[in-house]
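*Asks:* Before anything else, here's the structure in question.
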Amino acid sequence: MRSLRYLNLSEAGFSGPVPLNLGNLSSLEFLDVSSPFSGLAVSSLEWVRGLVSLKHLAINGVDLSMVGSNWLGVLNMLPHLAEIHLSDCGLSGSVLSHSSVNFTSLSVIDLSLNHFDSIFPDWLVNISSLSYVDLSICGLYGRIPLGFRSWKKIEVLSLATNKLHGKLPSSIGNMSSLTNFDLFSNSVEGGIPSSIGKLCNLKFFDLSGNNLTGSLPEVLERTSCVSNNPMPSLIYLRLGVNHLVGNLPAWLGELENLAELTLDYNMIQGPIPASLGNLHNLTNLGLAGNQLNGSLPDSFGQLSQLRSLDVSFNHLSGFITELHFSRLHKLKFLHLSSNSFSFNVSSNWIPPFHLQNLDLGSCYLGPSFPDWLRTQKEVGFLDFSNASISDTIPNWFWEISSNLSLLNVSFNQLQGLLPNPLSVAPYADVDFSSNLLEGPLPLPTVGIDSLDLSNNHFSGPIPQNITESMPDLIFLSLSNLSHNNLSGVIPELLGQLNQLQSIHLSNNNLTGKLPLSLQNLSSLETLDLGNNSLSGNIPLWIGGGFPQLRILSLRSNAFSGEIPSNLANLSSLQVLDLADNKLTGAIPETLGDFKAMSKEQYVNQYLLYGKYRGLYYGERFVMNIKGGSQKYTKTLSLVTSIDLSINSLNGEFPDQITKLVGLVTLNLSKNQVSGHVPDNISSLRQLSSLDLSSNRLSGAIPSSLPALSFLSYLNLSNNNLSGTIPYRGQMTTFEASSFSGNPGLCGPPLVLQCQGDDSGKGGTSTIEDSDDGFIDRWFYLSIGLGFAAGILVPMLVFAIKKPWRVSYFGFVDKIVDRAL
């Protein structure tokens, strides 16, 4: 077909290689063989050289990973080429930055969704004919070139999700034809120039997910636009997830065609302008995660097109009334959580909306259960946790609950019994924790992913049919069920929940040994069984089959025997809590081999659970630390801890533990550990809490201990330690109680002063050798400092009073230590 001009085979279902003899179609002007996911492939683009009349080339989704590095040069040989569409083709390498091309007719180029390792191509900014550029998600890096501002005809520019950085030039306002500008998820910095107001044709503007700073410009340059309105065509304005500060400017209320405004997760403060209620075309308003204060403007009730309103995680307050929703007939997503709102609506109020997502966490809704919820029969996401509700759950609620894929009513004072079985949607996340609910544990009618019934008054055993009811369970928390109401043994069938990642059964009255079936839970990340009456040895299989286990808590039970040395095989373990049991034997040296504890924790990666990570609950865990208990949630991944306290462990302090340089908490108190505290304990440079009290440790306190600059809790009391306390650096922040009960210790902060002058060296001293040492050091110091400082000053000091003498010779010791 030598005269063929137009050939479109896109998404026709072909697979295999694209035939090379297509290059014989010398009259072809339009060629589209785009076919995502079909298996089409091209091994070389040399055949394209024959398409000398080609204007439009589209090969989207076709595998071009084998075409080599000259493909761009081949395309440059086509003199009439106006459009290039090579999205998601597996192209890679640095060919974009190394090529020298000169497309004279190019108006459209789409190279998105490839894997280039390239700076922004300089040749691109020299093509004045461009109107559409899409280089999103294709591995570009480096500074944004200032040359792109010269594209007079450019309408669409998409550079989303690369690693580009640099500032937006103020001359961006000269790109008068621009309609779509997308730099989402890069590293763009600096402020937003006021010249964007001159982009009269701009419809889509996305700079979210960057490093923008400063405030939104108070005044825009807008003299060139019709009616002097700023950006009269703008429909989407996305500036979320940056570092913007300041107040919301008044001109936002003048963007009359705006459909989406997202400024969430910045640091914007001040009130929400009531003028935003003038944006009658607005469908999506996102202001979450800022520092906004004041009340919610009741003018929002006039946004008749609004589908999504999110002002959660701010400092807003005041009453929410029916006026705020008067015309919101299309509202589907309402997020007001983590503010200080109080709902003030009539008891017979019928909302105009039918929501899909309703998030009112920490809003005051009580004390009665909100009756207006019975109209929300389409809701699938419902969170009214911490809402000050003191009531029973009405029967009508279970008529709408079957649609709920997330139900969170935690931290209220809900009373009474839950229906058994529970009615929720399949694969739901269900949280009834921290209420006053009672009766036997309820199970759902369908399989769910997450169930939290902790901190209530449930009683009885764990149901044997729990595995049949929830075979796909990922998160299970039945802990802290008020005064140990759950009893009996841990069911063997629990080991059949092979997708379980987090299990909390602490603070109950469970008895017996750990069932062998638990070793089948190979995906387990948290095993929290503390504060029960479990007994027997810690089974060896715990150290053998949990490659992802991060938290292991068996504290406050009746486990006996030795600590298995193979626990060190738990390569992901960050928290080991075996405190308050009946364990004996020496502390295994292998504990120094924990891989996750041997590296410092700098990055806060939330411990998240679920089939799709991040969709479900963040992990939370209560640890005994610094002499008290502390709850960790979002920062839990930064904590590494070993607590073996209140047992009968003996033997020496294992030096190998000092290899765990990421350790934050170490508690070996109330055992029978002997020997010396290792000199290299300062290797634990992230240590925040160290408790070695009530053991049989002897010798000197290591002189390196003051180097632990993060140490905020220290307890070495009730041992057999001796010598001078190395009272310098971080050690000066601790009181005498940290060292009490060691008759051989002396020096500050203890009242007992050391005999002699070894203050600060951390060793023992006697009267005889300290006198000789003093004479020697004083002799050399006198020579070095001269007669006036060496003889007259000490004599003057001696003549006044003893405490001054002690302080002076402490200073002398420090100088001598440095000199020697």
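The values are calculated or read from the model by the stated rules, or taken from the named source; none is laboratory data. Predicted model, so just to flag it, every value in this text is computed and none were measured. So basically every Cβ, Gly included, is an ideal-geometry build from the backbone, and we count neighbours across all protein chains shown.
*Asks:* Pick from N531, N566: which is closer than 24 Å to N456 by Cβ and surrounded by fewer than 24 Cβ atoms within 10 Å (Cβ to Cβ)?
*Replies:* Numbers: N566 fails: closer than 24 Å to N456 by Cβ.
Answer to the check: N531.
*Asks:* Name every residue in region 269-287 that is not in a loop (DSSP other than H, G, I, E, B) and not hydrophobic (A, V, I, L, M, F, W, C), in order of residue number. Walk me through it before giving the result.
*Replies:* Filtering region 269-287 down to residues not in a loop (DSSP other than H, G, I, E, B) leaves 269-270, 274-278, 284-286.
Selection gives Q269, G270, S275, G277, N278, N284, G286.
*Asks:* When residues of region 288-299 are filtered for being within 32 Å of the chain's Cα centre (by Cα) and not in a loop (DSSP other than H, G, I, E, B), how many remain?
*Replies:* Filtering region 288-299 for residues within 32 Å of the chain's Cα centre (by Cα) gives 288-297.
The next check asks that each one be not in a loop (DSSP other than H, G, I, E, B); those that pass are 291-294.
Here the count works out to 4.
*Asks:* Just name the residue that is surrounded by the fewest Cβ atoms within 10 Å (Cβ to Cβ) out of those in region 440-466 that are among the small types (G, A, S) and on the phi < 0 side of the Ramachandran plot.
*Replies:* Checked region 440-466; the qualifying residue surrounded by the fewest Cβ atoms within 10 Å (Cβ to Cβ) is G447.
*Asks:* Here is a list: L146, L111, L140. Which entry is within 25 Å of E29 (Cα to Cα) and not aromatic (F, W, Y)? Please lay out each step first, then the result.
*Replies:* Values: L146 fails: within 25 Å of E29 (Cα to Cα); L140 fails: within 25 Å of E29 (Cα to Cα).
The unique qualifying residue is L111.
*Asks:* What number of residues within region 638-656 satisfy the criterion of being modelled with pLDDT under 90 and surrounded by fewer than 19 Cβ atoms within 10 Å (Cβ to Cβ)? Walk me through how you get there before you give the answer.
*Replies:* Here is the first cut: in region 638-656, the ones modelled with pLDDT under 90 are 638-640.
If we keep only those that are surrounded by fewer than 19 Cβ atoms within 10 Å (Cβ to Cβ) as well, we get 638.
Total meeting the criteria: 1.
*Asks:* Is it the case that some residue within region 89-109 is over 29 Å from F37 (Cα atoms) and buried (at least 21 other Cβ atoms within 10 Å of the Cβ)?
*Replies:* Yes: region 89-109 contains one or more residues that are over 29 Å from F37 (Cα atoms) and buried (at least 21 other Cβ atoms within 10 Å of the Cβ).
*Asks:* Can P706 be described as touching a residue at least 12 places away in the same chain (Cβ under 8 Å), in a loop (DSSP other than H, G, I, E, B) and not aliphatic (A, V, I, L, M)?
*Replies:* On the way: touching a residue at least 12 places away in the same chain (Cβ under 8 Å): yes; in a loop (DSSP other than H, G, I, E, B): no; not aliphatic (A, V, I, L, M): yes.
When the stated conditions are applied, P706 does not pass them.
*Asks:* What are the residue pairs meeting all of these: first residue in region 337-349, first residue over 19 Å from D264 (Cα atoms), second residue of a type in the set (A, V, I, L, M) and part of a loop (DSSP other than H, G, I, E, B), Cβ atoms under 6 Å, and 6 or more apart or on different chains?
*Replies:* F343/L365
*Asks:* Continuing with this model, one more query. In region 379-473, which strands (runs of 3 or more DSSP E) lie fully inside it and hold 1 or more residues that are of a type in the set (S, T, N, Q) and over 20 Å from L494 (Cβ atoms)? Lay out the reasoning, then the answer.
*Replies:* Values: elements: 381-383, 406-408, 415-417, 429-431, 436-440, 450-452, 457-459.
Filter on region 379-473 gives 406-408, 415-417.
*Asks:* Need the failing condition index for T511 against (1) modelled with pLDDT under 90; (2) of a type outside the set (A, V, I, L, M, F, W, C); (3) over 28 Å from N386 (Cα atoms); (4) part of a strand (DSSP E or B), just the number.
*Replies:* Here T511 clears every test but (1).
*Asks:* Does S517 qualify as being in a loop (DSSP other than H, G, I, E, B), hydroxyl-bearing (S, T, Y) and either surrounded by fewer than 19 Cβ atoms within 10 Å (Cβ to Cβ) or at pLDDT below 90 (or both)? Before you say what the answer is, go through the steps one by one.
*Replies:* Numbers: in a loop (DSSP other than H, G, I, E, B): no; hydroxyl-bearing (S, T, Y): yes; either surrounded by fewer than 19 Cβ atoms within 10 Å (Cβ to Cβ) or at pLDDT below 90 (or both): yes.
So S517 does not fit the description; no.
*Asks:* On to the next question. Would you check which residues across region 114-127 are in contact with a helix residue (DSSP H, G or I) (Cβ under 7 Å, 6 or more places away or on another chain) and assigned to a loop (DSSP other than H, G, I, E, B) and list them?
*Replies:* Matches in region 114-127: P121 only.
*Asks:* To continue, here is another question. Quick check: anything in region 320-335 among the small types (G, A, S), touching a residue at least 12 places away in the same chain (Cβ under 8 Å) and either assigned to a strand (DSSP E or B) or at positive phi (or both)?
*Replies:* no
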